[in-house]
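A short worksheet on the structure shown next.
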Amino acid sequence: MFGEELSAFLDYLSFEKKYSSHTLVSYKTDLEQFFTFLSPSQEEFPITEVNYQQIRKWVVSLMDSGISPKSVNRKLSSLKSFFKFLQRRETITMNPMSRITGPKIPKRLPEFVDESSMSRLLDGVVFEDSFKGMTDRLMIDLFYQAGLRRSELAHLREQDMDVSNGTLKVLGKRNKERMIPVSVKLMRNLEGYLQVKKDRKITNPMLLVNEKGNSLSEAYIYSTVKSYLGGVTTLSKKSPHVLRHTFATHLLDNGADINAVKDLLGHASLSATQVYTHNTIDKLKKSYRQAHPRGDS
């Protein structure tokens, strides 16, 4: 059911849009879920007969089953791309998604770790005096100083370091490269780490590796960050992405230009970066209320 159209669409996303395998799986899962909803018995259902009423019923069923508005909108985005693709190929003449609007998502500000907690984590003696401890500390420091995504850190290579310029070359979403400046101290620590790898005869070209010289898995990265953040914050989320939020928030709190932060994060549009300004505005309001003679009146 829809097998030929789905295969062609996934090939388009893979070879033309250069989407990652993880993203392709998400699209495939969303679309197959919708197809199963249309025809639970797996009987053939002409793609040209799909209409907006069926899509709305699917949305209602998702919401009724407890799927969050954010996840529903992601699934609708998959459908939108799929039917837009079919329309360009002239497989369909009318796009059933043209009359569909997704559920509203409650505004949720990014969680971040305060500056004193980050200092306590990175300057305190919490990391093992071992190769693993050295790796873990650099992992936390890279997330905080470079605002990396988890997958970006996992795929960072030794050759991505530019010691003379003090920058890291990061391969982000859709294979988009960006250069990120880091502190002199962090770059020296990375150089020292490479020397330790050399002494241990580790030839893996990835920048950070485990004690056996193997590349770090994203699961290991997540659990390690969660463990360390658990020692300095009570935030509900303690993921690598929280450190990315922390990177952006601290830059803006200390006067960084929002367009520069956008480029450092690798955001495609400024709107994705502007969410961090809410945290900064809240901080300014608090300072105003505390400092101005009539601020609390």
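Some values worked out for this structure:
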quantity	calculated
Residue list for region 232-245, filter: assigned to a loop (DSSP other than H, G, I, E, B) and buried (at least 20 other Cβ atoms within 10 Å of the Cβ)	THR233, LYS238
Pick from region 1-55, criterion within 24 Å of the chain's Cα centre (by Cα) and in a loop (DSSP other than H, G, I, E, B), ranking: surrounded by the most Cβ atoms within 10 Å (Cβ to Cβ)	TYR19
Filter result for the condition that a residue is closer than 20 Å to SER20 by Cα, modelled with pLDDT of 95 or more and in the same structural domain as LEU122 (by TED's automatic domain parsing), over LEU156, LEU186	LEU156
Criterion (surrounded by 14 or more Cβ atoms within 10 Å (Cβ to Cβ), over 23 Å from HIS267 (Cα atoms) and β-branched (Val, Ile, Thr)) met by exactly one of VAL184, VAL209, VAL163	VAL209
Qualifying position, being closer than 30 Å to THR233 by Cα and surrounded by 14 or more Cβ atoms within 10 Å (Cβ to Cβ), among LEU109, LEU122	LEU122
Positions within region 246-257 being farther than 18 Å from ARG120 by Cβ, surrounded by 16 or more Cβ atoms within 10 Å (Cβ to Cβ) and not small (Gly, Ala, Ser), in sequence order	LEU251, LEU252
Residue list for region 173-216, filter: among the acidic types (Asp, Glu) and outside any loop (DSSP other than H, G, I, E, B)	GLU177, GLU191, ASP199
Residue in region 82-105 that is of a type in the set (A, V, I, L, M, F, W, C), touching a residue at least 60 places away in the same chain (Cβ under 8 Å), in a loop (DSSP other than H, G, I, E, B) and not assigned by TED's automatic domain parsing to the domain that holds LEU10 present	no
Any hit, region 217-231, residues being in the same structural domain as VAL126 (by TED's automatic domain parsing), modelled with pLDDT of 95 or more, surrounded by 17 or more Cβ atoms within 10 Å (Cβ to Cβ) and part of a loop (DSSP other than H, G, I, E, B)	no
Lone qualifier among GLN195, GLN145 - being on the phi < 0 side of the Ramachandran plot and in contact with a helix residue (DSSP H, G or I) (Cβ under 7 Å, 6 or more places away or on another chain)	GLN145
Residues satisfying the stated conditions in region 109-145, i.e. closer than 22 Å to GLU191 by Cβ, outside any helix (DSSP H, G or I) and acidic (Asp, Glu)	GLU128, ASP129
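To keep it simple, each residue is scored yes or no on (1) more than 21 Å from GLU49 (Cα to Cα); (2) hydrophobic (A, V, I, L, M, F, W, C); (3) surrounded by 12 or more Cβ atoms within 10 Å (Cβ to Cβ); (4) touching a Ser or Thr at 6+ places or on another chain (Cβ under 7 Å).
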| position | (1), (2), (3), (4) |
| --- | --- |
| ASP64 | yes, no, no, no |
| PRO69 | yes, no, yes, no |
| THR91 | no, no, yes, no |
| PRO96 | no, no, yes, no |
| LYS132 | yes, no, yes, no |
| LEU138 | yes, yes, yes, no |
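Residue-wise test of (1) touching a strand residue (DSSP E or B) at 6+ places or on another chain (Cβ under 8 Å); (2) modelled with pLDDT under 95; (3) within 30 Å of GLU177 (Cβ to Cβ); (4) of a type in the set (Lys, Arg).
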{"residue": "GLU4", "(1), (2), (3), (4)": "no, yes, no, no"}
{"residue": "LYS28", "(1), (2), (3), (4)": "no, no, yes, yes"}
{"residue": "THR36", "(1), (2), (3), (4)": "no, yes, no, no"}
{"residue": "LYS70", "(1), (2), (3), (4)": "no, yes, yes, yes"}
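The values are calculated or read from the model by the stated rules, or taken from the named source; none is laboratory data. In this text, all values refer to a predicted model and were calculated from it rather than measured experimentally. Quick reminder, even Gly has a Cβ in these numbers, built from the backbone with ideal geometry, and neighbours come from all protein chains shown.
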